[in-house]
Amino acid sequence: MRFARPWAAVPVLAAIAVGLVHAAPPPSPIRFELKKIPFVLDSDETPGRNAPESMAGGVAVFDYNGDGRPDIFFTNGANIATLKKDDPKYRDRLFRNNGDGTFTDVTDAAGVAGTGYDIGVAIGDYDNDGCPDMFVAGVYRNTLYHNNCNGTFTDVTQKAGLGDSNDPQYGPLWAEGAVWVDVNNDGLLDLFIVDYMQWSYAAQPLCHFGTIADYCHPRYYKGQPDRLFLNNGDGTFRDVSKEWGIRDHVGKGMGAGMADYDLDGKQDLFVTNDADYNFLFHNLGNKFEEVAFDAGVALPEGGDFISGMGLDFRDFNNDGYPDIAFVALQNQTFPLFLNTGKGTFREVTTPSGMRMLSMNMSGFGAALYDFDNDGWKDMFVTRGHVESQPIPGTEIAQYNTVFRNLGASGKWQALTEEAGLDAAPRARHRGCALGDLDGDGRIDVVTTALSAPAEIWMNRSENSGHWLDIALRGTRSNRDGIGARIQVVSPTVGSQWNHMTTSVCYASSSDGPVHFGLGKDTAATKVEIHWPSGTVQTLEDVKADQVLKVTEPAAAEKAGAR
């Protein structure tokens, strides 16, 4: 997280043509409609400007009760001095999707109000019972909620072996978020936790910018290592951070994503660190090696430390290799790294146009989804600065923005007001979660903002193309199919790839079918699924505009070399 330089003054030239008739601009190819939901994120901002106060805001979209409609869970803060939810305003909230455009608060009935200062959330079915479970990451305390498959959850944190967040070397750990991922391909989801920095209410530094007190730069804090817990298959986990090579790397983690970037059948992890080097953990099967420098993703172009925030680790140029997109603060750009297919990445922030488009923006979360269903993944960014007080030349509260992927050209188009995202006031936005909330085949977005109402952005793109959602059910692989790579081929769009993951944006989680836009195509000629088990499953002539439920076959047909 850090502070921006004042914007340079840019002269604007205006031309007036007498008698010239101006045609109305064409409708935006991506358009959202604002819907409200009764939740306000309360991080207990105080004059002391304690670091966690600016970092809250994780949100999840997932079908908690199995009725086929995505529901919404919001994390929330707590009393910053005690880190306890001693007031109802700090409750985490779960809203059930009623299927008619409304949501009902079922927090109490579900048992998920929480007790501590919660930051992030990760959804995954860790016991393979078909009901999505929920891990909530927070300051000094995390919570694992087991889904009882009857609309309720049980806190099993201690029983699962995840209750100790006090490290003998690094002190109480502050978790920003987590990733559910099967690192050893045993069919059980493991848990990777992203830890931020060493902070204490009693020893909070006080920083001023001129006469204004505000949040301190990360350099005033020491970092913390991330954590990896292997699933034992009996409802418990064991900490393997040291033996798997995770604990050796200390950073200030803000976001994490998972993908098999080198297509070797093992899931890798990318971590953004705040004003520090990023991590790329390459999975060797029984440990990780950190290869960010070798792969070219440790720093963005220019070699400066930036405030790496939320991210998505997903193929955005349809070549089958997962790419990396993350966001940072004003004057730091939103870096894009293109996978070369050779174990390395090439930064394309400048040639893609993203550098110019994002230079004056501050971002917290990034999500790569195809919002206009044209076959190319676009990028939704939650925008807002870290700081709370005005800084000369810096916009603190901002609108969200969607960047439209212009396809084979490799360029992007920024849509803010054009996409209707100015319908809500500017805010310090944080988390985002995505899913098709109304079942119309268009991806909707839920966002949070500090001390402001949550926003539901319903996708109303008028000329949206056909689509195909693929809901996976693993048998030999983990039940969610997390890590499965999917290729969809259709006549006009051609070949495109996506993979199953619930880790997206900032401190947030999106558990839904794997989404594909098909443009004008009314069917996919081929759907090929590469399951984590190694099984390759091929379907032909699949009709568009449906949620296709696919179960992994019991017999293993091994994938050949790609």
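The values are calculated or read from the model by the stated rules, or taken from the named source; none is laboratory data. This is a predicted model, so every value here is computed, not measured. Using ideal geometry, Cβ is built from the backbone for each residue, glycine included, and neighbour counts are taken over all protein chains shown. Keep in mind that these areas ignore ligands, DNA and RNA; they rest on the heavy atoms of the full protein, side chains included. Shrake-Rupley method; radii C 1.70, N 1.55, O 1.52, S 1.80 Å.
See the values below:
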quantity: Members of the range 354-389 found to be in contact (Cβ under 8 Å) with a residue 60 or more places away in the chain and over 21 Å from the mean Cα position of the chain (by Cα), listed by number; calculated: Asn360, Asp374, Glu387, Ser388, Gln389
quantity: Residues of the range 164-222 satisfying the condition of being assigned to a loop (DSSP other than H, G, I, E, B), acidic (Asp, Glu) and open to solvent by 10 Å² or more (accessible area, probe 1.4 Å); calculated: Asp164, Asp186
quantity: Failed item in (1) open to solvent by 10 Å² or more (accessible area, probe 1.4 Å); (2) under 22 Å from the mean Cα position of the chain (by Cα); (3) touching a residue at least 40 places away in the same chain (Cβ under 8 Å), with His282 passing the rest; calculated: (3)
quantity: Residue list for the range 66-110, restricted to those being closer than 16 Å to His146 by Cα, open to solvent by 60 Å² or more (accessible area, probe 1.4 Å) and touching a residue at least 40 places away in the same chain (Cβ under 8 Å); calculated: Gly66, Ala109
quantity: Residues of the range 132-150 that turn out to be under 19 Å from Ala109 (Cβ atoms) and open to solvent by less than 20 Å² (accessible area, probe 1.4 Å), as a count; calculated: 7
quantity: Search result, residues across the range 44-56 that are assigned to a loop (DSSP other than H, G, I, E, B), more than 18 Å from Val121 (Cβ to Cβ) and either touching a residue at least 60 places away in the same chain (Cβ under 8 Å) or not hydroxyl-bearing (Ser, Thr, Tyr) (or both); calculated: Asp44, Glu45, Pro47, Gly48, Arg49, Asn50
quantity: Number of the condition not met by Asp480 [criteria: (1) of a type in the set (Asp, Glu); (2) over 23 Å from Pro532 (Cα atoms); (3) open to solvent by 20 Å² or more (accessible area, probe 1.4 Å)]; calculated: (2)
quantity: Matching strands (runs of 3 or more DSSP E) fully within the range 297-416 where at least 2 residues are among the charged types (D, E, K, R) and either open to solvent by less than 10 Å² (accessible area, probe 1.4 Å) or at pLDDT 95 or above (or both); calculated: 311-314, 345-347, 378-383
quantity: Every residue from the range 398-434 that is touching a His at 6+ places or on another chain (Cβ under 9 Å) and either of a type outside the set (Phe, Trp, Tyr) or within 26 Å of Arg96 (Cβ to Cβ) (or both); calculated: Gln398, Asn400, Arg428, Leu434
